[in-house]
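This report refers to the structure that appears directly beneath it.
The values are calculated or read from the model by the stated rules, or taken from the named source; none is laboratory data. Quick caveat, the model's predicted, so the values are computed rather than measured. Cβ placement follows ideal geometry from the backbone for every residue including glycine, while neighbour counts extend to all protein chains displayed.
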Amino acid sequence: MSDAFLPDIVVNGDTIPANEVSAELQNHDVPQGQQAMAWRRAARALTIRTLLLQEAKKRNLAATAQNIAPGKNETETEALIRALLEQALPETKPDETTLRAYYDANPERFRAPSLYEASHILFSADETEPSRQKARAKAIAALQILSQDPEQFRKLARAESDCSSRQSDGRLGQISRGETVEAFDRMLDQLEPGSIAPEPVETRFGFHILRLDARAEGAILPFENARPRIAEATEKAAWTRAANDFVTSLVKHADISGIDMRPE
């Protein structure tokens, strides 16, 4: 999309040239081929930034850039916007009643990690397509054998697995969520104890035949243990709502041309 066919944006008399919008495009992920959507999101982002900076100037704000990561400081623009939001947004710390109500309504969200006992047979593969095709074919062939006789798992693990766990019949021992790759976690959550995954599980290591031997569901955490997590999530959600309301108010009272600022 050529800049020549795109309008400049004017926000309360300040112009955002089309080429600045084009430069902003790289910061916005959109589906392939949706250039118009990408341009609109970039244009909206720059319009909001301009409105925030105008409001900071109106309030005569000044800010010193802070360190936000090792070796990285805020830009002057980021510091001013931070200072504005710190001044403009209301206190968002939730009270104990709100935290307790959230916990009581969502107790299943606050479980300790489940524990699994699992076994696998690994058919290793590198990143090349021929290697991965060969490993997947071997895994499917092994699964076909196991579908007829699951008791063959121990024998196949010892004979075929490319993991050192073959020495213990493919047993991985007791593991908790997050200790293995994400694909394992997802499949272990779906399987019933004693069952074998119906399809090979693909990871960067290759293809795995995965069996869940046992599962122990994590206990629901007491409110006191879950409280810090609830407080952080609740405060973040309240801050986001307040920030969105503040920006919406700025847009409502602004004179903007070149971009439709109605919600997508």
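Return yes or no: is residue 259 of a type outside the set (Gly, Ala, Ser), surrounded by 15 or more Cβ atoms within 10 Å (Cβ to Cβ) and assigned to a strand (DSSP E or B)?
Judged against the criteria, residue 259 is not a match.
Considering each of 154, 166, 132, 158 in turn, give the residue that is of a type in the set (Lys, Arg), closer than 12 Å to residue 200 by Cβ and in the same structural domain as residue 198 (by TED's automatic domain parsing).
132
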Task: residue 144 free of Cβ contacts under 8 Å to residues at least 24 places away in the same chain and part of a helix (DSSP H, G or I) - done: yes
Open item on the list: Going residue by residue through region 169-189, is there one that turns out to be farther than 17 Å from residue 211 by Cβ, over 26 Å from the mean Cα position of the chain (by Cα), among the small types (Gly, Ala, Ser) and surrounded by fewer than 18 Cβ atoms within 10 Å (Cβ to Cβ)?
Closed with: no
Task: Within region 216-241, tally of residues that are within 26 Å of the chain's Cα centre (by Cα) and either at pLDDT 95 or above or under 30 Å from residue 121 (Cβ atoms) (or both) - done: 2
Open item on the list: Which count do you get for residues in region 86-126 that are more than 30 Å from residue 171 (Cα to Cα) and in a loop (DSSP other than H, G, I, E, B)?
Closed with: 8
TODO: Just give me the residues in region 94-133 being aromatic (Phe, Trp, Tyr), in contact with a Lys or Arg (Cβ under 6 Å, 6 or more places away or on another chain) and at pLDDT below 95, in sequence order.
DONE: 116
Open item on the list: Restricting to region 29-77, and then to whatever is of a type in the set (Asp, Glu) and closer than 22 Å to residue 259 by Cβ, can you tell me which residue is modelled with the lowest pLDDT?
Closed with: 29
Task: Cβ-Cβ under 7 Å pairs, at least 6 apart or on other chains, region 95-120 side surrounded by 12 or more Cβ atoms within 10 Å (Cβ to Cβ), far side in a helix (DSSP H, G or I) and of a type in the set (Val, Ile, Thr) - done: 98/234; 99/230; 99/234; 102/230; 102/234; 103/230
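Suppose we filter 196, 209 for residues that are in the same structural domain as residue 135 (by TED's automatic domain parsing), in contact with a strand residue (DSSP E or B) (Cβ under 9 Å, 6 or more places away or on another chain), more than 23 Å from residue 105 (Cβ to Cβ) and in contact (Cβ under 8 Å) with a residue 60 or more places away in the chain; which single one remains?
209
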- [ ] Collect the residues in region 80-135 that are of a type in the set (Ser, Thr, Tyr), farther than 30 Å from residue 161 by Cβ and within 27 Å of the chain's Cα centre (by Cα), keeping them in residue-number order.
- [x] 92, 98, 102, 103
